[in-house]
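One structure is given below, encoded as structure tokens.
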Amino acid sequence: MTQHPRRNPASWWAQFPVASERFDAAYLTEGLGELITPKIASPLLRREAELAVYAVVRHLNRPQSEEFADRAAKSAERLVATVARLEERSGDGFSLVEAHAVALLLQGRLGEAAHAAEEFLKTQQILRLFVGALRMERFDVNLTVRMLAAGHQPAAAMQSGLVVGKYSWWPSWLVNIVTERAMAGHLDEEMVSALDRCAYAELTPAQSRIARRLLAGEDALVDASAIRLEGLGEPEAAKKLRQGDLTAVALAARLIPV
């Protein structure tokens, strides 16, 4: 069994369900159940877990059905009881970590289930399910997962995912920049607003390359562009450009001959 020494606490995972009013517990339960159940060594226990996952997912997809709710509750309770009984009998001689993770999942203890599953599943697999379950519109899932995997907090990663998803119409060079800024943890509302103005600047490919180099802080190019702005009677814009102001970057790039 693959060990993952760096595991996120249950409280960390518990941030996702409350981050979106549209969080899809059925999607998460089904997806995580499909990842976990094949890891259960005992065929009989694995089959019981599969049936319990099916019952709970069916209820979550149709919560108004009393029949499905009753079957789901009974299936989950039966699995929890089975795991508890086996733990008492087997002691340390038989691993039930996978079955225990399913039991937590079916009880709706999603954060605890994810924490338990990290012991034998790749964290990124679990992350993709939690992020996908957010069901957010115009949302960049890949960036969010990358940021989470890199150690960013869920709130920051999800906010960046929303920003990049909302502004996916931006030119590719600008999307790359905002992605880099997000990964570095330097994305805020002021920066997004300035980047949006850059997007409306309608730069040519050559001007876009200049803008990217200016945003990267190439000293010689920044100085030359600032001098050009001063020569055109824009000393304030030149000052802002030297300070890294994004709107000034767009202005300076547009002054490059087409």
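The values are calculated or read from the model by the stated rules, or taken from the named source; none is laboratory data. All values derive from a computational prediction rather than experimental measurement. Here Cβ is always computed from backbone atoms with ideal geometry, including for glycine, and neighbour counts include all displayed protein chains. These accessible areas exclude ligands, DNA and RNA; they are computed on the full protein's heavy atoms, side chains included. Shrake-Rupley method; radii C 1.70, N 1.55, O 1.52, S 1.80 Å.
Matching residues to (1) over 30 Å from E30 (Cβ atoms); (2) more than 20 Å from the chain's Cα centre (by Cα); (3) touching a residue at least 60 places away in the same chain (Cβ under 8 Å):
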{"position": "A103", "(1), (2), (3)": "no, yes, no"}
{"position": "V131", "(1), (2), (3)": "no, no, yes"}
{"position": "V164", "(1), (2), (3)": "no, no, no"}
{"position": "E189", "(1), (2), (3)": "yes, no, no"}
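Please specify each residue of the stretch 210-223 satisfying the condition of being within 29 Å of the chain's Cα centre (by Cα) and either of a type in the set (D, E, K, R) or open to solvent by 70 Å² or more (accessible area, probe 1.4 Å) (or both). Of everything in the stretch 210-223, those that are within 29 Å of the chain's Cα centre (by Cα) and either of a type in the set (D, E, K, R) or open to solvent by 70 Å² or more (accessible area, probe 1.4 Å) (or both) turn out to be R212, R213, A216.
Restrict the check to the stretch 244-258 and report whether at least one residue is farther than 17 Å from L174 by Cβ and at pLDDT 75 or above. No; the residues of the stretch 244-258 include none that is farther than 17 Å from L174 by Cβ and at pLDDT 75 or above.
The set of residues in the stretch 127-137 that are modelled with pLDDT of 85 or more, open to solvent by 10 Å² or more (accessible area, probe 1.4 Å) and either more than 21 Å from L32 (Cα to Cα) or not small (G, A, S) (or both) comprises R128, L129, R135, M136.
Scan the stretch 85-97 and tell me whether some residue there is open to solvent by less than 40 Å² (accessible area, probe 1.4 Å) and under 30 Å from H152 (Cα atoms). Scanning the stretch 85-97, I find at least one residue that is open to solvent by less than 40 Å² (accessible area, probe 1.4 Å) and under 30 Å from H152 (Cα atoms), so the answer is yes. Against the conditions (1) modelled with pLDDT of 95 or more; (2) within 17 Å of R109 (Cα to Cα); (3) not hydroxyl-bearing (S, T, Y), L51 satisfies every one except (2). Taken over the stretch 138-167, residues that are open to solvent by 40 Å² or more (accessible area, probe 1.4 Å), assigned to a helix (DSSP H, G or I) and either in contact with a helix residue (DSSP H, G or I) (Cβ under 6 Å, 6 or more places away or on another chain) or closer than 16 Å to H186 by Cβ (or both) amount to 6.
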